[in-house]
Structures are given as C-alpha cells and as structure tokens.
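Enquirer: Please find one structure pasted underneath; my questions will follow.
The values are calculated or read from the model by the stated rules, or taken from the named source; none is laboratory data. Quick caveat, the model's predicted, so the values are computed rather than measured. A quick note on method: Cβ atoms are made from the backbone with ideal geometry, for glycine too, and the neighbour counts reach across all protein chains shown.
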Ligand SMILES: NC(=O)c1ccc[n+]([C@@H]2O[C@H](COP(=O)([O-])OP(=O)(O)OC[C@H]3O[C@@H](n4cnc5c(N)ncnc54)[C@H](OP(=O)(O)O)[C@@H]3O)[C@@H](O)[C@H]2O)c1
C-alpha cells in the first residue's frame, strides 16, 4: 500500500485505478481507508504522507468481506469489480501461503481469471512459492489450472531492488567488466544477507521456514542468477528469464555427503525462547552454502551464500574476489596476496558498488595499501530510487514479467536446495551454535577455510 500510494503521488497509476481489499472482519470502505491512511503514514520511508494528496488516492480504496475458504467471497469480489466497471485485474495474494491454492481456485470459479475482449487478468503470488520442490510443482500445477503462465507473476522483491537491476547494466552496458567475469579471473564469490534483528514476533512462521527456505532458495539464488548468468541476446522479459533459468539449472545438485561439506546450519542463542518456537527447535536461523555452477564460465569457482538473523551487521552485498596478481613483485609479505582485488555490490543498507585495489602509500619505499573506488547510488543520482515494490507493482500492471520468477526458475531453485533440506530434515544439530551479535557459527568459517578462503566480516 505505501508503494501504491507513492506511485499515485507520482501520477504513475492508470486512470480509473482502484484497490479492492478483502477482510474477514467486515470492514467498511471508510474504515479500510482510515486503516490504510495510518498504515501508509507509518510505513512510508523517506517523506511524510501528503494529507492533500491522500483523499484522491483513498477514494479509490474499497473493501469486501469474507473468508478465503468461503466461495461467497469470490462472488462478492466479482460483484464489486463489476460495480466499479473494472476490466483489467491484478490479483495480489499477500496472504498466508497455505491459502494460495484455495484463492486461485475461488477466483477461477468466479470467472475472474479469464481474459477476454482485450481485458487482462494477472495474479501476483507472494513468497514462499512452495516449501520444497514437490510442493512448488503442485502449486504450479494448481495455479496453471486457472491462470496461464504469462498471467502469473511470482514475486521476489529482491529482483525489484535498484542495485540488483543495476547488476545487469553494470555487466552488460559496460565493456570492461564482462571479459574478467569468469573462472580465469574470479577466485570466488560471496553473497551475504545478514540481519541484526531476530524473528521479531514471527517465530511461528520462521519455525516452519528457516533461513534456507526463507532467504537462500528465493532471494539469494535469484541474486546469484543475476550475477552469474550469461549475457542475454536481448533485453526482453523471456530472453532475460531464459538466462536466469539456465544458470539456476547449472547449479550442481549435491549428494548427501556433499551437503555435509558444503552447507552449514546455525541457530542463535535465544531463538528457542521466542514466542511460538519449541524449546528443542531444529530450525536454522543461519544458513551458509557453497555452490558450484557447472558451466564453462564458472566451473571450479565457489559461490558462497550466507544469511542469518541476529548477526553483527545489517548488510546485504555481493563480493567478487579476483585472483591474486600472478607475481608478488613488491617484496615478501607485502599486501598483494593479503588484499586481492574485490568488487563489492552493496544492496543494503547503502546501495552502491566499490572496487578495492592496491595503491602505493605516499612516501619513500614501495609500501602498498588497499584503497577503494566507490560509486554510491544516492550521491551519484541525488534522488531516491523507487522501492522494490513500486517497480514490481508497476511492472505487473504494465505486463512486464522480467523481474518476476517463472515456473522453471522457481523449480530449478528448489531443486538446488532440496538435497540440503532433505539432509537437514533428519539431522540433530547441536543448537544453539552462535551468539547473537556474532557472525554466525564457526562451522561456516571452517567450510571456507577448507578451501583457503574466509568470509568478509568487516
Ligand atoms: N517478500 C517477502 O520477503 C515477504 C516477507 C514477509 C512475508 N511475505 C509474504 O507476504 C504474504 C503476506 O504476509 P503477512 O505476514 O502479511 O501474512 P499474514 O499476516 O499471515 O496474512 C495476511 C492476511 O491474510 C488474512 N487471512 C488469513 N486467513 C484468512 C482467511 N481464512 N480468510 C480471509 N483472510 C485471511 C489475514 O487477515 P487477518 O488480519 O484477519 O488475520 C491477513 O490480513 C505471505 O505470503 C508471506 O509469506 C513476504
């Protein structure tokens, strides 16, 4: 809703735009508008809500009542949309995932999914899309019974982030990076999504999901695909998604033995005392994996992905570490091997890109020090970029699915994590194994150390 409000305030919504919400509490339109006013005022990030603009936006908000399990709800939605003379419809399932199938079937029965007379009907499905490969396949089948694939928009809000989109511009609009973007020059890649907060009252949800499902299967694999995919032949939705899908399919599927070597689970001390979390919970609040991508570009280059709650810093970034210079010619023990070139794409909290390289320190003698060449989004463009949801909502309305996940992408990413899910489902971990405010379990450090690498924990 804050993103829709922002789009409205920039006059980017189409004429006649309206929102019909649903509630099981019998909320009137007036009450819904006032609830949304307070929520938008609370959650707008940069600027306060403009009270002059609000009434224009709010008069297009409506609410109908009913339970997702009750067919009447879908009849009421259809009736309301008819009254409002709405033809192009975007259904947005910001609902518990257990209702996705029920709602899709309900929309189908109420004849709300059929596109006719040039009117479009689309559906946005929130994450998580399934909880393993099997359930994701079943969900795909269930949604396909009602909506065709081009009507389906599976949202992964990471793909809507400016910096993640900028990876495509960085890689494919510039001539100098792509030639070194491969196994000959890249030593390894680290992708980190670290949070300082814990489960924040969502212990019940998190207990069922865990870090691997919640972050790695979805967001971090999509980021990996963006960083590692082959250049698409054209910048059109299906060509870009084809390349992302191809990359996800190239991820090596681990055996159970390989899972033990290449995946680490962690749980912070205190998780078991959170509300709705059992005292012997084996759910991971931290996950780290070492992936291999089996294609000519990346064979032998580890991609380390990690995510966790209650870690030392709130940061999401991608670090591409390049090989050392072939010869350390500035004397023994110099900085050349201790500080290899590093390209860092910062996704959060401050969006930007920096390149680390060695420089001569001023003064006599040849002493070297790492320095950094920085690009900062805010400083360079001087304006706030759109929030991920603004970009994604507008794209869905415009019928551009480039930043949404396709059926084959979602299944390929589940396939990549499935052996880890299987192995962890019966493992008895020695949890808790990391302290809040640390960088996670020591096993994750050991996993990299075995390959002569270490996490960037600065
Ligand atoms: N993209 C991300 O990173 C991210 C992060 C968090 C969540 N999500 C996803 O976003 C979606 C929404 O999350 P959420 O935390 O807002 O979910 P939620 O609180 O569990 O549920 C959303 C809404 O569904 C309604 N609802 C539940 N059961 C219903 C029923 N039987 N009939 C009618 N309405 C019912 C709830 O109404 P009541 O208020 O009446 O209970 C609530 O308003 C989920 O799919 C979640 O997984 C995504």
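Enquirer: Could you check, for segment 184-193, whether at least one of its residues is within 16 Å of the ligand (Cβ to nearest atom), buried (at least 22 other Cβ atoms within 10 Å of the Cβ) and in contact (Cβ under 8 Å) with a residue 60 or more places away in the chain? Full working, then the answer.
Expert: Residues of segment 184-193 that are within 16 Å of the ligand (Cβ to nearest atom), as a first pass: 193.
Subsequent filtering for residues that are buried (at least 22 other Cβ atoms within 10 Å of the Cβ) retains 193.
Applying the additional criterion that residues be in contact (Cβ under 8 Å) with a residue 60 or more places away in the chain yields 193.
Taking every residue of segment 184-193 in turn, at least one turns out to be within 16 Å of the ligand (Cβ to nearest atom), buried (at least 22 other Cβ atoms within 10 Å of the Cβ) and in contact (Cβ under 8 Å) with a residue 60 or more places away in the chain.
Enquirer: Continuing with the same structure: Would you tally the residues in segment 71-83 being surrounded by 14 or more Cβ atoms within 10 Å (Cβ to Cβ) and either away from the ligand (no atom under 16 Å from the Cβ) or under 12 Å from residue 99 (Cβ atoms) (or both)?
Expert: Here the count works out to 3.
Enquirer: Go over the candidates 105, 119, 110, 94 one by one and state the one that is near the ligand (Cβ under 10 Å from one of its atoms) and free of Cβ contacts under 8 Å to residues at least 60 places away in the same chain. Talk me through it step by step, then tell me what you get.
Expert: Numbers: 105 fails: near the ligand (Cβ under 10 Å from one of its atoms); 119 fails: near the ligand (Cβ under 10 Å from one of its atoms); 110 fails: near the ligand (Cβ under 10 Å from one of its atoms).
Result: 94 is the single residue among 105, 119, 110, 94 that is near the ligand (Cβ under 10 Å from one of its atoms) and free of Cβ contacts under 8 Å to residues at least 60 places away in the same chain.
Enquirer: As an exercise: evaluate residue 262 against (1) touching a strand residue (DSSP E or B) at 6+ places or on another chain (Cβ under 8 Å); (2) more than 27 Å from residue 344 (Cβ to Cβ) and give the number of the one condition it does not meet.
Expert: Residue 262 satisfies every listed condition except (2).
Enquirer: Only one of (1) in contact with a helix residue (DSSP H, G or I) (Cβ under 9 Å, 6 or more places away or on another chain); (2) under 23 Å from residue 156 (Cα atoms); (3) within 15 Å of the ligand (Cβ to nearest atom) is not met by residue 89, so which one is it?
Expert: Evaluating residue 89 over (1) in contact with a helix residue (DSSP H, G or I) (Cβ under 9 Å, 6 or more places away or on another chain); (2) under 23 Å from residue 156 (Cα atoms); (3) within 15 Å of the ligand (Cβ to nearest atom) leaves (3) as the failure.
Enquirer: With segment 336-438 as the region, which helices (runs of 4 or more DSSP H) entirely inside it contain at least 3 residues that are within 25 Å of residue 134 (Cα to Cα) and at pLDDT 95 or above? So that I can check it myself, show each step before the final result.
Expert: Numbers: elements: 377-381, 388-398, 407-425.
In segment 336-438, 407-425 are the helices (runs of 4 or more DSSP H) which contain 3 or more residues that are within 25 Å of residue 134 (Cα to Cα) and at pLDDT 95 or above.
Enquirer: Please identify the pairs in which a residue from segment 52-70 that is in the same structural domain as residue 98 (by TED's automatic domain parsing) has its Cβ atom under 6 Å from the Cβ atom of a residue that is part of a loop (DSSP other than H, G, I, E, B) and away from the ligand (no atom under 16 Å from the Cβ), counting only partners at least 6 apart or on another chain.
Expert: Listed pairs, sorted by first residue: 60/18.
Enquirer: Would you confirm whether or not segment 284-291 contains a residue that is assigned by TED's automatic domain parsing to the domain that holds residue 413, in contact (Cβ under 8 Å) with a residue 40 or more places away in the chain and part of a helix (DSSP H, G or I)? Working first, answer last.
Expert: In the first step, residues of segment 284-291 are kept if they are assigned by TED's automatic domain parsing to the domain that holds residue 413; the result is 284-291.
Now drop any that are not in contact (Cβ under 8 Å) with a residue 40 or more places away in the chain, which leaves 284-291.
Next, only the ones that are part of a helix (DSSP H, G or I) stay: none.
Among the residues of segment 284-291, not one is assigned by TED's automatic domain parsing to the domain that holds residue 413, in contact (Cβ under 8 Å) with a residue 40 or more places away in the chain and part of a helix (DSSP H, G or I), which makes the answer no.
Enquirer: Given the criteria within 20 Å of residue 193 (Cα to Cα) and exposed (fewer than 15 other Cβ atoms within 10 Å of the Cβ), does residue 442 qualify? Outline the logic, then answer.
Expert: On the way: within 20 Å of residue 193 (Cα to Cα): yes; exposed (fewer than 15 other Cβ atoms within 10 Å of the Cβ): yes.
Here the answer is yes, as residue 442 does meet what is asked.
Enquirer: Hey, another quick one. Assess whether residue 99 counts as being within 16 Å of the ligand (Cβ to nearest atom), farther than 30 Å from residue 29 by Cβ and under 26 Å from the mean Cα position of the chain (by Cα).
Expert: Details: within 16 Å of the ligand (Cβ to nearest atom): yes; farther than 30 Å from residue 29 by Cβ: no; under 26 Å from the mean Cα position of the chain (by Cα): yes.
No, not satisfied.
Enquirer: Just need a number here: residues in segment 35-48 that are at pLDDT 95 or above and more than 16 Å from the ligand (Cβ to nearest atom).
Expert: Total meeting the criteria: 2.
Enquirer: Suppose we filter segment 439-458 for residues that are in contact with a strand residue (DSSP E or B) (Cβ under 7 Å, 6 or more places away or on another chain), in a helix (DSSP H, G or I) and closer than 11 Å to residue 266 by Cα; how many remain? Walk me through it before giving the result.
Expert: At the first step, the residues of segment 439-458 found to be in contact with a strand residue (DSSP E or B) (Cβ under 7 Å, 6 or more places away or on another chain) are 439-441, 443-444, 447-448, 453, 455-456.
Keeping just the survivors that are in a helix (DSSP H, G or I) gives 443-444, 447-448.
Checking the rest, the ones that are also closer than 11 Å to residue 266 by Cα come to 443-444.
Summing the residues that are in contact with a strand residue (DSSP E or B) (Cβ under 7 Å, 6 or more places away or on another chain), in a helix (DSSP H, G or I) and closer than 11 Å to residue 266 by Cα in segment 439-458 gives 2.
Enquirer: While we're here: Regarding segment 236-258, can at least one residue be identified that is in a helix (DSSP H, G or I) and on the phi > 0 side of the Ramachandran plot? Please lay out each step first, then the result.
Expert: Taking segment 236-258 first, the residues in a helix (DSSP H, G or I) are 237-249, 256-258.
Next cut, on the phi > 0 side of the Ramachandran plot only: none.
No, there is no match, as no residue in segment 236-258 is in a helix (DSSP H, G or I) and on the phi > 0 side of the Ramachandran plot.
Enquirer: Hey, another quick one. Can you find a residue that is out of contact with any strand residue (DSSP E or B) (no Cβ under 8 Å at 6 or more places or on another chain) and more than 16 Å from the ligand (Cβ to nearest atom) anywhere in segment 16-26? Break it down stepwise before answering.
Expert: First pass over segment 16-26, keeping only residues out of contact with any strand residue (DSSP E or B) (no Cβ under 8 Å at 6 or more places or on another chain): 16-17.
Pick out the ones that are also more than 16 Å from the ligand (Cβ to nearest atom) and you get 16-17.
Yes, segment 16-26 has at least one match.
Enquirer: For residues in segment 161-180 being buried (at least 20 other Cβ atoms within 10 Å of the Cβ) and away from the ligand (no atom under 16 Å from the Cβ), which is farthest from residue 219 (Cα to Cα)?
Expert: Looking only at segment 161-180, we keep the residues that are buried (at least 20 other Cβ atoms within 10 Å of the Cβ), and these are 161, 163-164, 166.
Restricting the remaining residues to those that are away from the ligand (no atom under 16 Å from the Cβ) gives 163, 166.
On the way: 163: 13, 166: 16 Å.
Among those residues, the one meeting the criterion is 166.
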